[in-house]
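The values are calculated or read from the model by the stated rules, or taken from the named source; none is laboratory data. Given the structure is predicted, the values throughout are model-derived calculations rather than measurements. Counting neighbours? That spans all protein chains shown, and the Cβs are built from the backbone with ideal geometry, glycine included.
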Amino acid sequence: MKKILLLTGVLLCCLGFAKAQDLKSPNGKLVMKFTLLQDGSPSYSLTYKGKPVIKPSKMGFDLKTKPRDEASGGSDANMEQKNVNLQGSLHSNFTLVSNQTTNYDETWAPVWGEVKTIRNHYNELAVTLNQQQTNRQMVIRFRLFDDGLGFRYEFPTQKNLTYFVIKEERTQFAMAGDHTAYWIAGDYDTQEYDYTTSKLSEIRGIMAKAVTANISQTPFSPTGVQTSLMMKSKDGLYINLHEAALINYPVMHLNLDDKNMVFESWLTPDAVGDKGYMQAPCTTPWRTVLVSDDARDILASKMTYNLNEPNKIKDAASWIKPTKYVGVWWEMITGKSTWSYTNDYPTIQLGITDYTKAKPHGKHGANNANVKRYIDFAAKHGFDGVLVEGWNQGWEDWFGNSKDYVFDFVTPYPDFNVQEIRDYAKSKGVKMIMHHETSSSVRNYERHLDKAYQFMKDNGYDAVKSGYVGDILPRGENHYSQWIVNHYQYALEKAAEYKIMVNAHEAVRPTGIARTYPNLIGNESARGTEYQSFGGSKPNHVTVLPFTRLIGGPMDYTPGIFEMDLSKLNPDNGSHVNSTLANQLALYLTLYSPLQMAADLPENYERFMDAFQFIKDVAVDWDDSKYLEAEPGEYVTVARKAKGTGQWFLGSVGGDNARTSNIKLDFLDKGKTYIATIYADAKDAHYKTNSQAYTIKKVVVTNKSKLSQFVAPGGGYAISFELATKDKTKGLPKL
Ligand code: NOJ
Ligand code: CA
């Protein structure tokens, strides 16, 4: 670890003007320029190899002025008005107090991840600003890496800025052109949208169509979009805007001024419309700009993790385990079975409703026999865990009524015997995965959290999938406001006390905090496989997710669907999974996660055991990852080396059109011979019309081999590489 202080505390305030200050990335390709403008507004810009990435962009805040400021008297009404404005404005009238440049270079090992070690290497500039009339100080800290820029605002302890309320953050990201963007609508409550690819100037015209129905949604502007936002410029730059280390602060969206192509931060408001309650000393999250002229660098970047604090869980590796699991889940999502137990009651009140008197409707998925069937399947095929949803009372009446006391997270339905299942799973060497649907009644969840986690530990559960479907309670709060961001954090840190791993659905999208709290092993927080059962997702969706949602951390996407015609599971479900079977296999590589589900039903896997073998074999934790091909919306190809075993796997997904993937296998170990088992689309495969057409072939390869592989529309291919012994390669063709 190296930290060198280059320039300390240069007092510039007395000069009366401020000079621009340049900061270069370690390899010199990125240059950030900080300037204090004539009116004392802080501003920054960024170039990559001399090309503009962020044009001069202003920074700062509008603060809420306290009622007592407005009420206070004064002889000079104009002067009074000016003071009020100044108190509200924290974006101009600054002078530069000092600046400090440092550099940093360390390597750290994540508890789980795409690679064994991560280099955290940057040059830093911290500028301390003083707003003269109010005597309030603010530090802007910039970190420039070879793959991008992070900066945040810091508020040191001071007399004139103690408690303050943010009306709006005014951070701009001025684009250098009308870029192509891969975007979803800005929304305070959901990210479960399909991505749209369009020019920035087209967002306004498309917005209405892009906002598709969701159980809880609050879009806010015709040009508002979410981060992580991926863009591509005409001159071939890939630019990604997001945030890192979102702690005790609302989610940042971006609102586009589409005349000037300038994004401005747009924070998620709380129930009373305020955007952030701050108490100095404090910091904002990092605002991040990833940039490269090679799309693969965006996927390989670890900058978002690097901007987070190191692991705070000391014995993490002893209980945080990458997990491959199956679950009583897809059958409910597709409507083959249900979370609920009975149709007898129009409403449910826990503690009053007597389920022992209820007539079961016969479609309850989480019954002992069915759960044991999944446990048997998991044990037989080497899966670590089994998730069971709909095991606890309350599902007959769980959302839509702004109901407070929905679930208690400890009381099972009469046909789910917690102890019996616990003992059965243990006897088979399988871990049970708990499900806590909060129905967004967050207060109710916090009320029950300790008991619920203790109940898990008592019954052999080490991981929980939590969920936040519907509008948030306390009423008026949003899924991404500061208060509820703090709730997700509370649930995560409390889980760590119990040594519980968390996979939160509908929660805030990740910003790399899994570096600090590696028990956050998954999040949904985007449009997952469930939407393939709710009408389908765009076939190229999975080629965008790695560039957007996955920038901040892994996704519990729940891949592995083999039966695409969902009417085969439930005659009333007319939806079709817009993917080929080979594409589903590739997702285990291209959508990195230490938590991977084999989401389809055991009976569907049993029909395709040869292809299922890949899901059985594939690892979920890695020593190394090599992005071989990448283009947002078009394709992603990645090879990964399994942690500990050294075995390589490869996955490639395509978009709407057929293509040929041309790759070199030069990532394989030199001088070694491998048998590659290639699971690929058949020539006539198609995500809609022929989605189960696949081929499996075995070929002998080395690190000198080159592969040219057909990918069908909505298709892909997956490869497992096995070190070859002579007897095994006999008769096999060379690639
Ligand atoms: C939505 C989640 O994404 C899904 O996985 C879960 O089954 C349902 N909510 C019910 O909790
Ligand atoms: Ca969901």
Looking for something within 15 Å of ligand 1 (Cβ to nearest atom), in contact with a helix residue (DSSP H, G or I) (Cβ under 6 Å, 6 or more places away or on another chain) and in a loop (DSSP other than H, G, I, E, B) - is there at least one such residue anywhere in the range 484-505?
no
How many residues does the range 230-279 contain that are free of Cβ contacts under 8 Å to residues at least 60 places away in the same chain and under 19 Å from the mean Cα position of the chain (by Cα)?
1
For Val272, are the conditions met, namely being more than 24 Å from Ile500 (Cα to Cα), surrounded by 21 or more Cβ atoms within 10 Å (Cβ to Cβ) and modelled with pLDDT of 95 or more?
no
When the range 191-224 is examined, which residues are found to be surrounded by 20 or more Cβ atoms within 10 Å (Cβ to Cβ), in contact with a His (Cβ under 7 Å, 6 or more places away or on another chain) and more than 19 Å from Val291 (Cα to Cα)?
Tyr195, Gly224
Going by what's in this entry, would Ser221 be described as among the polar types (S, T, N, Q), touching a residue at least 24 places away in the same chain (Cβ under 8 Å) and assigned to a helix (DSSP H, G or I)?
no
Return only the number of the condition from (1) outside any helix (DSSP H, G or I); (2) within 32 Å of the chain's Cα centre (by Cα); (3) small (Gly, Ala, Ser) that Ala378 does not satisfy.
(1)
Any residue at all in the range 306-318 that's closer than 25 Å to Phe61 by Cβ, out of contact with any strand residue (DSSP E or B) (no Cβ under 8 Å at 6 or more places or on another chain) and in contact (Cβ under 8 Å) with a residue 40 or more places away in the chain?
yes
Of Lys312, Lys302, which residue is within 22 Å of the chain's Cα centre (by Cα) and surrounded by fewer than 19 Cβ atoms within 10 Å (Cβ to Cβ)?
Lys312
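So that you can scan it fast, the table gives a plain yes or no per residue for (1) of a type in the set (Lys, Arg); (2) in contact (Cβ under 8 Å) with a residue 24 or more places away in the chain; (3) within 16 Å of ligand 1 (Cβ to nearest atom); (4) more than 18 Å from Val638 (Cα to Cα):
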residue	(1), (2), (3), (4)
Thr548	no, yes, no, no
Gly553	no, yes, no, no
Thr558	no, yes, yes, yes
Asn573	no, yes, yes, yes
Ser593	no, yes, yes, no
Asp600	no, yes, yes, yes
For Ile421, work out the one condition from (1) within 16 Å of ligand 2 (Cβ to nearest atom); (2) buried (at least 22 other Cβ atoms within 10 Å of the Cβ) it doesn't fulfil.
(1)
Name every residue in the range 644-662 that is in contact with a Gly (Cβ under 8 Å, 6 or more places away or on another chain) and either among the basic types (Lys, Arg) or closer than 11 Å to Gly715 by Cβ (or both), in order of residue number.
Ser652, Val653, Gly654, Gly655, Asp656, Ala658, Ser661
Matching residues in the range 454-475 (among the aliphatic types (A, V, I, L, M), assigned to a strand (DSSP E or B) and more than 16 Å from ligand 2 (Cβ to nearest atom)) number 2
So is Thr334 within 16 Å of ligand 2 (Cβ to nearest atom) and more than 30 Å from Thr117 (Cα to Cα) or not?
yes
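Residues checked against (1) closer than 26 Å to Leu267 by Cβ; (2) not aromatic (Phe, Trp, Tyr):
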| residue | (1), (2) |
| --- | --- |
| Thr438 | yes, yes |
| Gly460 | no, yes |
| Ser466 | yes, yes |
| Ile484 | yes, yes |
| Tyr488 | yes, no |
| Ala491 | yes, yes |
| Lys499 | no, yes |
| Val508 | yes, yes |
Given the criterion assigned by TED's automatic domain parsing to the domain that holds Pro474, at negative phi, among the aliphatic types (A, V, I, L, M) and in contact with a Phe, Trp or Tyr (Cβ under 9 Å, 6 or more places away or on another chain), identify the matching residue among Ala369, Ala378, Ala425.
Ala378
Among the numbered conditions (1) closer than 22 Å to Thr516 by Cα; (2) β-branched (Val, Ile, Thr); (3) more than 23 Å from the chain's Cα centre (by Cα), tell me where Ile118 comes up short.
(3)
I need the full set of residues from the range 451-504 which are under 27 Å from Lys321 (Cβ atoms) and charged (D, E, K, R), in order please.
Lys451, Lys457, Asp458, Asp462, Lys465, Glu493, Lys494, Glu497, Lys499
Could you give me the residue pairs with C-beta distances under 7 Å whose first residue belongs to the range 115-142 and is modelled with pLDDT under 95, whose second residue is of a type in the set (Ser, Thr, Tyr) wherever it lies, and which are 6+ apart or on separate chains?
Gln132/Thr95
Reported set for the range 506-534 where residues are within 16 Å of ligand 2 (Cβ to nearest atom), among the small types (Gly, Ala, Ser) and in a loop (DSSP other than H, G, I, E, B) is Ala507, Ser525, Ala526, Gly528, Ser533
Output for the range 463-494, where each listed residue is surrounded by fewer than 22 Cβ atoms within 10 Å (Cβ to Cβ) and touching a strand residue (DSSP E or B) at 6+ places or on another chain (Cβ under 8 Å)
Gly467, Val469, Leu473, Leu492
Sole exception among (1) of a type outside the set (D, E, K, R); (2) within 15 Å of ligand 2 (Cβ to nearest atom); (3) assigned to a loop (DSSP other than H, G, I, E, B); (4) more than 26 Å from Arg659 (Cβ to Cβ) for Gly574, by number:
(2)
Within the range 310-332, residues over 16 Å from Ala496 (Cβ atoms), more than 16 Å from ligand 1 (Cβ to nearest atom) and part of a loop (DSSP other than H, G, I, E, B) come out as Pro322
Of (1) in a loop (DSSP other than H, G, I, E, B); (2) more than 28 Å from Pro156 (Cβ to Cβ), Tyr249 fails just (2)
Just for the range 522-546: of the residues that are farther than 23 Å from Ala712 by Cα and under 11 Å from the mean Cα position of the chain (by Cα), which one is nearest to ligand 1 (Cβ to nearest atom)?
Glu524
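Yes or no, residue by residue, for (1) in contact (Cβ under 8 Å) with a residue 60 or more places away in the chain; (2) polar (S, T, N, Q); (3) touching a helix residue (DSSP H, G or I) at 6+ places or on another chain (Cβ under 7 Å); (4) outside the structural domain of Pro510 (by TED's automatic domain parsing):
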site: Val388; (1), (2), (3), (4): yes, no, yes, no
site: Gly429; (1), (2), (3), (4): no, no, yes, no
site: Ile433; (1), (2), (3), (4): yes, no, no, no
site: Val442; (1), (2), (3), (4): no, no, yes, no
site: Leu473; (1), (2), (3), (4): yes, no, yes, no
